[in-house]
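The values are calculated or read from the model by the stated rules, or taken from the named source; none is laboratory data. Nothing here was measured: the structure is a model prediction, and the numbers come from that model. When we count neighbours, we look across all protein chains shown, and the Cβ atoms used for this are built from the backbone with ideal geometry, even at glycine.
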């Protein structure tokens, strides 16, 4: 079935328009011939005959040349929407360049516009582009000086096993010096104020000084409120920056010039540290592995040439260090962590877990902070702030007690009870224990098995020591304790055995399951008168 007449007419009109546009577009040689013919004749009809074009074409090119316009500029023709362009511009201006073209077309149709929606869309696009050109924000490149600006921001890190073994999301503290492009990446568990100041202190220690300004985002740890466009600083961060000699500034929202550097650092760090399908990195088995990966990443990016500055960041850091002021001897107190008081059992409580401290700090205030998988405890000593203990991070119900913090404590480090230590409380006890360590061993073993008449046997041993010498009796008591012989006359028997010159043989301990009493096996052969055994 053929096309309707209207469709053929539309196709014919398009072809005619295309031919007309092709005819209006002349080559540079043809345009020069038109100008040469007009200059020779001074008449459009005569020049048209010489150049082989229409007189209107000669007039158009000559008029453009005389007006100083480019002769090859496109010709603007009237459109159906020209009468409505004022309304289109009004709608775009009122909506600040956000109005949709279909909404504009509906409004124009109500005003009598008979064109199609494609014409409206093209007109709206032209007006929006003009509106953006008039309201576009101008950007000026940020020219920094050595030792002036430090930028930092946060980004989500990989998931690693937490202290209890369950998967836990980490965070990456990313900082960089704006002039040298030197980067520092520190993994953390959270982004609290204490963690922020701790990371800031660690960053300043790495770069070896404090720059003049610190630029960061408008998070709650930095900016507590915005009043009439003025950002109210957190008093704790102001005190920390004053301690280090920094002046903190907040970046302008959605401003690539003031925030682009730190965001680029976060993006690059996440691309190389967070396992994804793109980088094929394996999952981290522990937080310590993530810390090691961050250190390797910083060494790599700081040792290669930066494509913007064309210098190595580590070399640029040496220049910046000459312009930065030195750091204070002690870090800001909040960077040390949370304050805790050492209890009478030499422990502190953090996260419902007890951690031990060395002796000498009971009742003192110390600082405890989480460093990855460890808890570091810092205290003020006569020589200044010093880390006094470090434990592996634990969970409630699993205290971390270091036995080295409790020297000479009666409890064994393994938890088993220590053997009792004998201490004389009378003259008779002093005489027995004065024999030597064998007497102490004999008393402990005899008490452990519940031997009878211990005091009388102690007195007998003291009398034998007076007669036969303490050395011989001490050795005999050692043998008795090892062999488990605590009966009457056992000590004298051992002394007699040793007196015969038989010494040095292995001690034989009697089997408690064996008895010297004769058994009843011999009765098996006897029978009664009735034949029953």
Handout entry: Of all residues in segment 166-193 being closer than 21 Å to residue 273 by Cα, over 12 Å from the mean Cα position of the chain (by Cα) and assigned to a loop (DSSP other than H, G, I, E, B), the one that is modelled with the highest pLDDT
Key = 182
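To keep it simple, each residue is scored yes or no on (1) within 24 Å of residue 217 (Cα to Cα); (2) without any contact (Cβ under 8 Å) to a residue 12 or more places away in the chain.
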{"position": "286", "(1), (2)": "no, no"}
{"position": "301", "(1), (2)": "yes, no"}
{"position": "310", "(1), (2)": "no, yes"}
{"position": "323", "(1), (2)": "no, no"}
{"position": "326", "(1), (2)": "no, no"}
{"position": "337", "(1), (2)": "yes, no"}
{"position": "342", "(1), (2)": "no, no"}
{"position": "347", "(1), (2)": "no, no"}
{"position": "359", "(1), (2)": "no, no"}
Handout entry: Residues of segment 347-357 satisfying the condition of being outside any strand (DSSP E or B) and farther than 12 Å from residue 377 by Cα
Key = 351, 352
Practice task
Have a look at 362, 319, 329 and point out the one that is in a loop (DSSP other than H, G, I, E, B), closer than 20 Å to residue 207 by Cβ and more than 25 Å from the chain's Cα centre (by Cα).
Solution key: 329
Handout entry: Evaluation of residue 370 against (1) touching a strand residue (DSSP E or B) at 6+ places or on another chain (Cβ under 7 Å); (2) touching a residue at least 40 places away in the same chain (Cβ under 8 Å); (3) surrounded by 15 or more Cβ atoms within 10 Å (Cβ to Cβ) (one fails), failing number
Key = (1)
Practice task
Just one of (1) over 25 Å from residue 307 (Cα atoms); (2) part of a helix (DSSP H, G or I); (3) touching a strand residue (DSSP E or B) at 6+ places or on another chain (Cβ under 7 Å) trips up residue 203, so point out which.
Solution key: (1)
Problem - All positions within segment 427-451 that are surrounded by fewer than 15 Cβ atoms within 10 Å (Cβ to Cβ) and free of Cβ contacts under 8 Å to residues at least 12 places away in the same chain - result: 427, 430, 448, 450
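Results for (1) modelled with pLDDT of 90 or more; (2) more than 18 Å from residue 194 (Cβ to Cβ), shown as yes or no for each residue.
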site	(1), (2)
337	no, no
347	yes, yes
350	yes, no
404	no, yes
Handout entry: In segment 177-190, residue surrounded by the fewest Cβ atoms within 10 Å (Cβ to Cβ) [restricted to those that are within 26 Å of residue 374 (Cα to Cα) and in contact with a strand residue (DSSP E or B) (Cβ under 6 Å, 6 or more places away or on another chain)]
Key = 188
